[in-house]
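Q: What follows is a structure written as structure tokens; I'll ask about it next.
The values are calculated or read from the model by the stated rules, or taken from the named source; none is laboratory data. Predicted model only: the values in this text are computed from it and were never measured. When we count neighbours, we look across all protein chains shown, and the Cβ atoms used for this are built from the backbone with ideal geometry, even at glycine.
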Amino acid sequence: MLIKEFHKDVQTQADGPGTMRYPHAKFPGVVVFSEIYQVTGPVQRFARQIASQGYIVAAPSSYHEFTGPEALAYDVPGTDAGNEWKITKKLSAYDEDAELSVTTLLNMPTCSGRIGATGMCLGGHLAYRCALDSRVSAAVCYFATDIHSHSLGAGKNDDSLQRAGDIKGELVMIFGKNDNHVPVDGRTLIRQTLHDAGVEFSFYEIAGAQHAFIRDELSKDRYDAAITKVCFEMLIELFGRRLRTDLGEPSGEKLKVEDIC
């Protein structure tokens, strides 16, 4: 499938005036949230891979209140700026970006009306928060940071785990077992919270993988192409099942698991 890209500026107000830009393809919609460096080359290639499978992809710039849509460099100044803005931006502004991204996709005449979300690092957390919107049917969160520590946004006191029960779609949470940004106790907290909240989810911890293992540029020797391919297949399976197939509303019946071999 060929990809056609364009940009759309959407006005935001929650944390001061700004605009967001979106690349575009077709049919079910997917919001791709970026890491702290905004929409870098790896994020663009990730979005294009999803688009080539037959999805409209919106990739908002996370820091439009502070800078333009251009990516930050993978260097010390870029890292420092991204980390500073991550905890300067209001949580309500992150949520407004997600709400506007979903609404923008739904308002496109080529959108089927079904929406998914995904992202890496900061974007993994933002994809999780996007799934708090009942219009989102599926989300794949790659090594989502700050969920376990409640430290996203101004004041570093987000409510992402407390609101786990608001998630009505299906989640896939993916982490590397050697991810020191989300240590084992943090991953355990996230997994248990999702269980307790009754969220429908899959949870993967990849042996040997570190943080940012899907980033194919300047990953500091952490990029694993083989595992990245497997994880992308998980994403395509979930989005294909939840966004492209009409499963209808859940029956609400509790699944009875038979004790058979």
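Q: Which ones in the range 188-203 are more than 19 Å from Ser149 (Cα to Cα) and surrounded by fewer than 17 Cβ atoms within 10 Å (Cβ to Cβ)?
A: Scanning the range 188-203 gives Gly198, Glu200, Ser202.
Q: Out of the residues in the range 1-29 that are crowded, with 17+ Cβ neighbours inside 10 Å and assigned to a strand (DSSP E or B), state the one that is modelled with the lowest pLDDT.
A: My answer is Met20.
Q: Check off (1) at pLDDT below 95; (2) out of contact with any Cys (no Cβ under 7 Å at 6 or more places or on another chain); (3) of a type outside the set (Asp, Glu) for Ala212 and give me the number that stays unchecked.
A: Result: Ala212 passes all but (2).
Q: Given (1) in a loop (DSSP other than H, G, I, E, B); (2) under 16 Å from the mean Cα position of the chain (by Cα), where does Glu253 come up short, assuming only one miss?
A: That leaves (2) as the condition not met.
Q: A further question follows. I'm trying to understand the selection: among the residues of the range 38-63, which are among the aromatic types (Phe, Trp, Tyr) and more than 18 Å from Ala154 (Cα to Cα)?
A: So the first thing to find is which residues in the range 38-63 are among the aromatic types (Phe, Trp, Tyr), and the list is 46, 55, 63.
Selection gives Phe46, Tyr55.
Q: For a quick check of your reading of the model, give me the residue pairs whose first member lies in the range 202-217 and is charged (D, E, K, R), whose second is exposed (fewer than 15 other Cβ atoms within 10 Å of the Cβ), with beta-carbon atoms closer than 9 Å and at least 6 apart or on different chains.
A: Correct list of pairs: Glu205/Lys177; Glu205/Val184; Asp216/Gly41; Asp216/Arg45; Asp216/Ala225; Glu217/Gly41; Glu217/Arg45.
Q: Right, another one. Pick from Glu65, Glu84: which is in a loop (DSSP other than H, G, I, E, B) and acidic (Asp, Glu)?
A: Numbers: Glu84 fails: in a loop (DSSP other than H, G, I, E, B).
Exactly one residue qualifies, and that residue is Glu65.
Q: Another one. Part of a helix (DSSP H, G or I), at pLDDT 95 or above and either touching a helix residue (DSSP H, G or I) at 6+ places or on another chain (Cβ under 9 Å) or under 24 Å from Val57 (Cα atoms) (or both), is that true of Thr118?
A: no
Q: Can you name every residue in the range 103-135 that is among the small types (Gly, Ala, Ser) and within 19 Å of Met234 (Cα to Cα)?
A: Selection gives Gly116, Ala117, Gly119, Gly123, Gly124, Ala127, Ala131.
Q: Can you pull out the residues in the range 91-111 that are touching a residue at least 24 places away in the same chain (Cβ under 8 Å), surrounded by fewer than 18 Cβ atoms within 10 Å (Cβ to Cβ) and of a type in the set (Ser, Thr, Tyr)?
A: Across the range 91-111, the qualifying residues are Ser92, Thr110.
Q: Further, regarding this structure: Return the residues of the range 126-142 that are assigned to a loop (DSSP other than H, G, I, E, B) and of a type outside the set (S, T, N, Q); say none if nothing qualifies.
A: Once the filter is applied, which keeps residues that are assigned to a loop (DSSP other than H, G, I, E, B) and of a type outside the set (S, T, N, Q), the range 126-142 yields Ala131, Leu132, Asp133, Arg135.
Q: So which pairs qualify, if the first residue must be in the range 39-50 and surrounded by fewer than 21 Cβ atoms within 10 Å (Cβ to Cβ), the second must be among the aliphatic types (A, V, I, L, M), the Cβ gap must be under 7 Å, and the two must be at least 6 apart or on different chains?
A: Arg48/Ile3
Q: Further, regarding this structure: Just checking, how many residues over the range 200-233 are in contact with a helix residue (DSSP H, G or I) (Cβ under 8 Å, 6 or more places away or on another chain) and assigned to a helix (DSSP H, G or I)?
A: Going through the range 200-233 one residue at a time, the tally reaches 1.
Q: Would you mind telling me which numbered condition in (1) of a type in the set (Ser, Thr, Tyr); (2) buried (at least 21 other Cβ atoms within 10 Å of the Cβ); (3) not in a loop (DSSP other than H, G, I, E, B) Thr145 fails?
A: Here Thr145 meets the rest and fails (3).
Q: Now a separate question. Are any residues in the range 130-151 over 25 Å from Leu105 (Cα atoms) and aliphatic (A, V, I, L, M), and if so, which ones?
A: Result: Ile147, single match.
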